[in-house]
Amino acid sequence: MKAQLLVPAAGIGTRLGAEVPKALTEIEGKPLLVRTLERAAIPECLSPAVITIPPESREAFDAALRAWFPAHAYHLAAGGRERQHSVANGLVALDADTEIVIIHDAARPFVPVEAVRASVEAAIAYGAATVAIPVTDTILEGDDAAFLERTPERRKLWACQTPQTFRVTVIREAHARAARDDMLLTDDASLVRAYGGKVKLVLGSPLNFKITTPADLQLARLIIREGLT
Ligand code: C5P
């Protein structure tokens, strides 16, 4: 089955406070996006990756990708206001014969290759899969005034990661219905589930965290310097 990687990289990184788009932030001499692509673009995924970017930064992304991957083709698609809009734009840019799409955040550079492969296998078997890890903290649901409302049973809780991998028909249908219903969620697997689809949970890794804050960036630098991945 032909698989293609879709990397949402259009976040501007407000919480990171950097001057360049988050995906181009240098981590130990390499842009974040480059590190993520090196991990997530598994060899059997030979078709060009689709990368969603802030439209005003097209030249900077093009320059970085040409410098680091001179022999690779890729498609740049304009990102949207929210991540879901960016993914929707990326889905339009997939090759016509792509059957499986691997959606992986640019902001997760330490994804284990085995998790990417396992998500592809689960998507082939079930139609949709997301990488996730069981939570170790107790999770509290609070109300708007910060009072405890509910404590969901921990043994059933997973923290969502990416990749989220789908049969293209499955995720395109979920996005089309969400656009019609004005439903906006922070991940794609939950969209599929919201419309009744089956989504397999595939074990990720604590190292597959999302770089969001300056502290995450420092941790990423340390992980690379210490050779922990
Ligand atoms: O905003 P958040 O941290 O959830 O972003 C996760 C991923 O989605 C990041 O890689 C970011 O670049 C991407 N994103 C996007 N378009 C947006 C917002 C975020 O492609 N409008």
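The values are calculated or read from the model by the stated rules, or taken from the named source; none is laboratory data. In this text, all values refer to a predicted model and were calculated from it rather than measured experimentally. Positions of Cβ are generated from backbone atoms using ideal geometry, with glycine treated the same way; all protein chains shown enter the neighbour counts. For the accessible areas, the whole protein counts, side chains as well, though only heavy atoms, and no ligand, DNA or RNA atoms are used. Shrake-Rupley method; radii C 1.70, N 1.55, O 1.52, S 1.80 Å.
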Exercise for the section: Only Cα pairs under 8 Å and at least 6 apart count here; give the relative contact order of the stretch 133-229 as a rounded whole percent. Expected result: 21 percent
Practice task
Once you've got the GNM for the chain with C-alpha springs shorter than 10 Å, pick whichever of Ala96, Ala18, Ala122 has the biggest mean-square fluctuation.
Solution key: Ala96
Problem - Local electrostatic count at Ala125 - Lys and Arg +1, Asp and Glu -1, tallied over other residues with Cβ under 14 Å - result: +2
Exercise for the section: Just need the relative contact order of the stretch 68-221 here, percent rounded to a whole number, with Cα pairs under 8 Å and 6+ apart. Expected result: 30 percent
Practice task
Give me the percent of DSSP beta bridges within the stretch 74-229 that run antiparallel, rounded to the nearest 5.
Solution key: 75 percent
Handout entry: the chain shape via C-alpha gyration tensor axes, a/c threshold 1.5
Key = rounded
Fill in the blank from the handout: A chain fully extended from Ala93 to Ile42 at 0.36 nm per residue, minus the present Cα-Cα distance, gains in nm 16.4 nm
Practice task
Would you mind working out the accessible area per residue for the stretch 3-225, using a 1.4 Å probe, and quoting it in Å²?
Solution key: 51 Å²
Exercise for the section: Please work out the Cα center distance from the stretch 17-59 to the stretch 142-210, rounded to the nearest Å. Expected result: 23 Å
Problem - Simple Cβ-charge dipole of the chain, Lys/Arg +1 and Asp/Glu -1, about Cα centre, in debye nearest 20 - result: 360 debye
Fill in the blank from the handout: Taking protein heavy atoms only, a 1.4 Å probe, and rounding to whole percent, the accessible area of the chain owed to carbon and sulfur comes out at 54 percent
Exercise for the section: Set the Förster radius R0 to 25 Å, insert the Cβ-Cβ distance between Leu157 and Leu185 as r into 1/(1 + (r/R0)^6), and round the FRET efficiency to 0.05. Expected result: 0.90
Problem - Order by protection proxy (mean Cβ within 10 Å, highest first), peptides 84-93, 147-156 - result: 84-93, 147-156
Problem - At most 16 other Cβ within 10 Å, DSSP loop - trypsin sites (Lys or Arg not before Pro), the stretch 32-110 - result: Arg81
